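Right, one structure below, let's go through it.
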Amino acid sequence: MASYNLRSQVRLIAITIVIIITLSTPITTNTSPQPWNILSHNEFAGKLTSSSSSVESAATDFGHVTKIFPSAVLNPSSVEDITDLIKLSFDSQLSFPLAARGHGHSHRGQASAKDGVVVNMRSMVNRDRGIKVSGTGLYVDVDAAWLWIEVLNKTLELGLTPVSWTDYLYLTVGGTLSNGGISGQTFRYGPQITNVLEMDVITGKGEIATCSKDMNSDLFFAVLGGLGQFGIITRARIKLEVAPKRAKWLRFLYIDFSEFTRDQERVISKTDGVDFLEGSIMVDHGPPDNWRSTYYPPSDHLRIASMVKRHRVIYCLEVVKYYDETSQYTVNEEMEELSDSLNHVRGFMYEKDVTYMDFLNRVRTGELNLKSKGQWDVPHPWLNLFVPKTQISKFDDGVFKGIILRNNITSGPVLVYPMNRNKWNDRMSAAIPEEDVFYAVGFLRSAGFDNWEAFDQENMEILKFCEDANMGVIQYLPYHSSQEGWVRHFGPRWNIFVERKYKYDPKMILSPGQNIFQKINSS
C-alpha cells in the first residue's frame with residue numbers, strides 16, 4: 001500500500017510538472033491561428049463572429065459582476081463546428097481558450113473565455129429535433145443546448161417527466177450537468193447529475209465520445225459536475241418516470257432553528273414521504289420583498305412581519321407531495337398527518353394545490369415580475385454553500401443571526417435545506433461534504449450596480465467565518481480566486497481532478513473562466 005501511494009504521488013508530481021511546462025513555455029505566435037485570425041476560415045464562415053454586440057453579450061452573464069471579453073463568438077449549427085474549432089486550437093502551437101455558454105446564467109464569469117472563443121450553444125437548438133423520448137418511455141435524449149423547461153414541455157406531452165430539477169427551469173441541460181443541478185427534490189431523487197444515463201462529450205482534444213457508467217466511464221464521471229473542465233456536453237440521456245398531475249404544496253413557519261432542522265432531517269429520512277422539501281429564512285430587514293412573499297396571502301403579511309420583527313429571524317419549511325388520479329383521495333390525509341407531526345408554529349400553515357407544471361415552473365412568475373420592474377438584469381452576487389449537518393447550528397448562530405443581522409443588507413431569498421449524501425456519486429467530479437446529511441445554503445442576492453460590492457464583501461465575511469470555525473463548508477457553483485482555493489475545494493479529490501484534466505484537456509483549452517488551472521505555473 002505504501003509503495004502504491006508513493007507511485008501515485010510521483011505520478012501526480014510528473015503530471016503537474018508537465019502542466020506547468022505546457023502553460024509556461026514561451027511560444028511564438030506567428031504560426032498559431034488565434035480567434036481573430038481564423039474568422040476567414042471557410043468552415044466557420046457566418047458562424048464565428050467578432051462583432052461588438054456578440055462579444056459584448058458573451059462578456060456578461062446573469063451575475064452582472066464581471067465583464068470578461070472573448071475575441072470571438074462561435075454560433076455553431078452542428079457538433080462538428082465545435083469539434084473543428086477545438087481541434088484547431090488543440091493542434092495549434094499556441095492554443096486559444098474556449099468556453100461553452102448556454103443560457104448565460106453563470107454568476108461570476110464561469111462561462112467566459114478571455115481573449116478566446118465563447119461557444120454559443122443555444123445556436124444549435126433546432127425546434128424540429130433535439131429532444132427524443134425513447135419508445136419505452138424510460139429516458140429522453142436531449143441536445144445539451146436545450147432548456148430544462150423545454151425538456152419538461154416535451155416529455156409532459158407523453159405523460160413523462162425527469163425527476164430531479166433545479167428551482168429555475170430556464171437553464172440548459174449541459175449547464176446544470178456541468179455543475180450538479182440541485183433543488184428540493186435532491187434529497188429523494190439525487191442531483192440531476194445522478195439521473196444521467198449516457199452523454200456525448202467533446203473533449204479538449206476535439207474528440208467526441210459517447211460515455212456512460214459502462215462505456216468510457218472515467219470521462220462520464222469526470223464531466224458530470226466537472227465545471228466544464230474535461231469536455232463540452234452535446235447530448236445527455238436523462239431518466240424519466242410517469243409524470244404526476246398535481247402538487248400539494250404546504251408551508252410552515254418556525255421560530256426555533258433546532259426544531260426547523262430536526263423536522264427537515266426527519267422528513268428526508270423517509271423513503272416514501274414527500275417529493276420536495278426546501279427551507280428558507282426571513283430576516284428582520286423590513287417587509288418581504290422577494291418572489292417568495294407571494295406564497296403567503298396578503299391578509300397574513302402583517303402577522304408574519306410582526307413575527308419576524310419579534311424574533312429577528314424566522315424559518316419557513318416547504319414540502320410538496322405529487323399526486324394523480326390514483327392518489328388524490330389519500331394525499332390530503334398524508335399531508336395532514338405530516339403537518340400534525342411537525343413542530344411548526346401553529347396557525348401559520350399555508351396550503352396550495354397546483355398543477356405539476358405550475359409547481360416546477362414557480363420561479364417564472366417572479367422572474368417576469370422582476371423583469372417588468374427592470375430588476376432582473378441587475379448584479380447577483382450569489383453565494384451557494386454545502387454545510388455539514390453537524391455545523392448547521394453554528395452556521396445559524398454565526399451567519400443568519402450574526403453576520404446577516406449585523407450587516408442588514410441581504411436582499412433576495414436565502415435557502416437552507418438538507419440532502420442525503422447517499423443520493424450522490426463520489427466518482428463524479430462534484431465536491432460535497434463527507435457527512436451523511438448536509439445542507440444547501442443559498443444566498444440568492446439581488447443588488448444594484450452601485451452597491452453589489454457590499455454584498456460581495458458580506459459573502460467573503462461568511463466564507464471567512466466558516467473557514468475560521470473549521471466547518472468543512474464547500475461552495476456549490478464555486479468561485480475561487482486562486483488555485484490554492486481550488487485545492488482546498490476538492491480536498492483529497494484534487495489529485496484525480498488534475499489527472500483527468502491532463503487526460504482530457506491537456507492544453508487547458510476548456511472553461512478558463514472557472515479560474516482553476518490558469519495559475520498552476522505560479523503554484
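The values are calculated or read from the model by the stated rules, or taken from the named source; none is laboratory data. All values reported here derive from a predicted model rather than from experimental measurement. Every residue, glycine as well, gets a Cβ built from its backbone with ideal geometry; the counts of neighbours run over all protein chains shown. The area values use the complete protein model at the heavy-atom level, side chains included, leaving out ligands, DNA and RNA. Shrake-Rupley method; radii C 1.70, N 1.55, O 1.52, S 1.80 Å.
Only a single criterion out of (1) out of contact with any Gly (no Cβ under 9 Å at 6 or more places or on another chain); (2) open to solvent by 10 Å² or more (accessible area, probe 1.4 Å); (3) within 22 Å of residue 453 (Cβ to Cβ) is not satisfied by residue 382, namely (1). If you check 491, 513 for being within 29 Å of residue 120 (Cα to Cα) and in a helix (DSSP H, G or I), only one passes: 513.
Considering segment 448-473, and only residues there that are more than 30 Å from residue 374 (Cα to Cα) and small (Gly, Ala, Ser), the residue that is farthest from the chain's Cα centre (by Cα) turns out to be 469. Listed conditions (1) in a helix (DSSP H, G or I); (2) open to solvent by 30 Å² or more (accessible area, probe 1.4 Å) are all met by residue 335, apart from (2).
Considering only residues in segment 39-82 that are polar (S, T, N, Q) and touching a Ser or Thr at 6+ places or on another chain (Cβ under 9 Å), the one that is surrounded by the most Cβ atoms within 10 Å (Cβ to Cβ) turns out to be 71. Looking across segment 234-253, just one residue is open to solvent by 10 Å² or more (accessible area, probe 1.4 Å), part of a strand (DSSP E or B) and among the aliphatic types (A, V, I, L, M), and that is 242. Does segment 445-462 contain at least one residue that is over 30 Å from residue 367 (Cα atoms) and modelled with pLDDT of 95 or more? Scanning segment 445-462 turns up no residue that is over 30 Å from residue 367 (Cα atoms) and modelled with pLDDT of 95 or more. If you check 155, 186, 194 for being closer than 30 Å to residue 481 by Cα, open to solvent by less than 20 Å² (accessible area, probe 1.4 Å) and polar (S, T, N, Q), only one passes: 186. For segment 340-356, a residue qualifies if it is assigned to a helix (DSSP H, G or I) and either modelled with pLDDT under 95 or open to solvent by 60 Å² or more (accessible area, probe 1.4 Å) (or both), and exactly one does: 340. Among the numbered conditions (1) among the charged types (D, E, K, R); (2) surrounded by fewer than 19 Cβ atoms within 10 Å (Cβ to Cβ); (3) not in a helix (DSSP H, G or I), the only one that residue 445 does not meet is (2).
How many residues are open to solvent by less than 30 Å² (accessible area, probe 1.4 Å) and out of contact with any Phe, Trp or Tyr (no Cβ under 7 Å at 6 or more places or on another chain) when one looks only at segment 98-112? The qualifying residues number 7. Could you go through segment 475-490 and let me know if any residue there is among the hydrophobic types (A, V, I, L, M, F, W, C), open to solvent by less than 30 Å² (accessible area, probe 1.4 Å), closer than 24 Å to residue 402 by Cβ and in contact with a strand residue (DSSP E or B) (Cβ under 7 Å, 6 or more places away or on another chain). No, that holds for no residue. Output the residues belonging to segment 491-504 that are open to solvent by 50 Å² or more (accessible area, probe 1.4 Å) and in contact with a helix residue (DSSP H, G or I) (Cβ under 7 Å, 6 or more places away or on another chain). Passing the criteria: 495, 502. Once segment 308-332 is narrowed to residues that are of a type in the set (A, V, I, L, M, F, W, C) and part of a strand (DSSP E or B), the residue that is farthest from residue 417 (Cα to Cα) is 313. Examine segment 275-290 for a residue that is modelled with pLDDT under 95, more than 23 Å from residue 363 (Cβ to Cβ) and either open to solvent by 10 Å² or more (accessible area, probe 1.4 Å) or touching a Cys at 6+ places or on another chain (Cβ under 8 Å) (or both), and state whether such a residue exists. Looking through segment 275-290, at least one residue is modelled with pLDDT under 95, more than 23 Å from residue 363 (Cβ to Cβ) and either open to solvent by 10 Å² or more (accessible area, probe 1.4 Å) or touching a Cys at 6+ places or on another chain (Cβ under 8 Å) (or both).
With respect to being more than 18 Å from residue 175 (Cβ to Cβ), surrounded by fewer than 19 Cβ atoms within 10 Å (Cβ to Cβ) and in contact with a Pro (Cβ under 9 Å, 6 or more places away or on another chain), residue 87 falls outside the description. hydroxyl-bearing (Ser, Thr, Tyr), open to solvent by 30 Å² or more (accessible area, probe 1.4 Å), farther than 26 Å from residue 421 by Cβ and outside any loop (DSSP other than H, G, I, E, B), is that true of residue 210? Spelling it out, residue 210 is indeed hydroxyl-bearing (Ser, Thr, Tyr), open to solvent by 30 Å² or more (accessible area, probe 1.4 Å), farther than 26 Å from residue 421 by Cβ and outside any loop (DSSP other than H, G, I, E, B).
Would you mention how many residues in segment 408-436 are outside any loop (DSSP other than H, G, I, E, B) and open to solvent by 50 Å² or more (accessible area, probe 1.4 Å)? Matching residues across segment 408-436 total 2. If the condition is being buried (at least 16 other Cβ atoms within 10 Å of the Cβ) and either within 23 Å of residue 61 (Cα to Cα) or without any contact (Cβ under 8 Å) to a residue 60 or more places away in the chain (or both), then segment 385-401 contributes only 385. When residue 259 is tested against (1) part of a strand (DSSP E or B); (2) in contact (Cβ under 8 Å) with a residue 60 or more places away in the chain; (3) not aromatic (Phe, Trp, Tyr), just one condition goes unmet, and that condition is (1). Please pick out the residue among 128, 167, 115 that is open to solvent by 10 Å² or more (accessible area, probe 1.4 Å) and within 17 Å of residue 78 (Cα to Cα). Checking each option against the conditions leaves just 128. Once segment 291-307 is narrowed to residues that are surrounded by 14 or more Cβ atoms within 10 Å (Cβ to Cβ) and either under 25 Å from the mean Cα position of the chain (by Cα) or assigned to a strand (DSSP E or B) (or both), the residue that is modelled with the lowest pLDDT is 291.
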